[in-house]
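All of the numbers you see were taken from the coordinates with simple rules; none came from a lab. Every value quoted in this text rests on a predicted model; they were computed, and no experiment measured them. Positions of Cβ are generated from backbone atoms using ideal geometry, with glycine treated the same way; all protein chains shown enter the neighbour counts.
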Amino acid sequence: MPQITETGKEFDVVKYFLQLLDKDKDMSYGIAAIRTLLMILEKKQFGTIHILHTTMREAVAAMRNTDLSIAAIVSAGELFCRFITLSLDDKHMEECRLIMINRGKIFLDKLDNSRQVIAKQAQRFISDGCRILTHSRSRVVLKALITASQNKKSFHVFVTQGGTGNSGEEMIRDLNAAGIDCTLILDSATGYVMESVDFVMVGAEAVVESGGIINRIGSYTMGLCAREMKKPFYVLAESFKFTRLYPLNQRDLPNEYKYSRKHLSDVSKVHPLVDYTPPVYITLLFTDLGILTPSAVSDELIKLYM
């Protein structure tokens, strides 16, 4: 477990990362990872850019080794490191570090507002009297629905249980607290309910280069049903979830994305936590970069990493 040492004090990367998530249950893994990397920048002196990159990679690796979904951790870590190290030639290392800290704070401030931006974009698609199907619990979908309710729109939301855990029930509690009509359904009832809804709205753990998404298991099934019944399938995702990954099918998705760390040694008797929904099943993606078609994602990724 990497520890950053400064003037005799140790900074435990994983402990800080998990504390952030424990203090704020609505903080995404990606944002917590970025806050952790920014804290490392502030606490440690670096002799060279190479040492900085090595330290950051070790920190991301440590956060990946927690028993949490790694998709957003990986993509957020890569984007953060790319953004803060742009055009730092011919500068003293300490000057570079201060520039990177400032850039990191700007980057974080922008991302902290991303859910609000996405929620605002989704408002013209949520109309009075509409019926929405969503999968499990998504923080950004919840934000969009609460914003619509605050804008005096009346609608009904069907929420799937979302497999293991109680994430669907948590979503129902959050919606009830906001005064939004909602119904909890079995994941296996997706096809039954699909014919009565106006559209599907889900979150994502990662958006891959093809414009497809990695999300909680059952999202792919929902996408298949939506396409068969000609229902729009909308994805709400922050840009820090854009990742340089190009799976061709479910088996092509790396096991470390699909299974918890404790099961990686033998995945033959456990079910995956996430699946891959190809872009052909996705109508639009709502992001803080704008409303995108799946085919536009690769262009946005190129811009992010240029």
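How high is the relative contact order of the chain? Use alpha-carbon pairs under 8 Å, at least six apart in sequence, and give a whole percent. Result for the chain is 17 percent.
Axis angle, to the nearest 10 degrees, between helix 219-228 and the longest C-alpha principal axis of the chain: 40 degrees. Magnitude of the charge dipole for region 45-170, about its Cα centre and with charges confined to Cβ atoms of Lys, Arg (+1) and Asp, Glu (-1), is about 620 debye.
Taking Cα atoms only, the orientation of helix 49-64 departs from the longest principal axis of the chain by about 40 degrees.
Kirkwood Rh, region 6-113, all Cα pairs: how many Å? Walk me through the numbers on the way to the answer.
Values: mean 1/r = 0.0707 Å⁻¹.
Radius from the Kirkwood sum: 14.1 Å.
Rounded to the nearest 20, the size of the Cβ-charge dipole of the chain about its Cα centre is 240 debye, with Lys and Arg at +1 and Asp and Glu at -1. When peptides 278-286, 132-140, 242-250 are sorted by average Cβ neighbour count within 10 Å, with the highest value leading, the order is 132-140, 278-286, 242-250.
Filter the cross-link list LYS120/LYS143; LYS110/LYS241; LYS110/LYS258; LYS25/LYS143 down to pairs whose alpha-carbon distance in this structure exceeds 18 Å. Exceeds cut-off: LYS110/LYS258. Between the Cα long axis of helix 13-23 and the first principal axis of the chain there is an angle of about 40°, rounded to the nearest 10.
Note on the chain: with a GNM built from Cα contacts shorter than 10 Å, the maximum mean-square fluctuation among ALA189, ALA148, ALA178 falls on ALA189. Where both bridge residues fall in the chain, DSSP classifies roughly 40% of the beta bridges as antiparallel.
Grab the alpha carbons of region 118-305, take their convex hull, and tell me the volume per residue in Å³. Working shown, then result.
Values: hull volume 21.2 nm³, N = 188.
Cα-based convex hull of region 118-305, divided per residue, equals 113 Å³.
Relative to one another, the C-alpha centroids of region 217-255 and region 273-306 are positioned 10 Å apart. Springs between Cα atoms under 10 Å define the GNM used for the chain, and in it the highest mean-square fluctuation of LYS230, LYS143, LYS269 occurs at LYS269.
When the Gaussian network model of the chain links Cα atoms closer than 10 Å, the mean-square fluctuations of SER154, SER268, SER295 top out at SER268.
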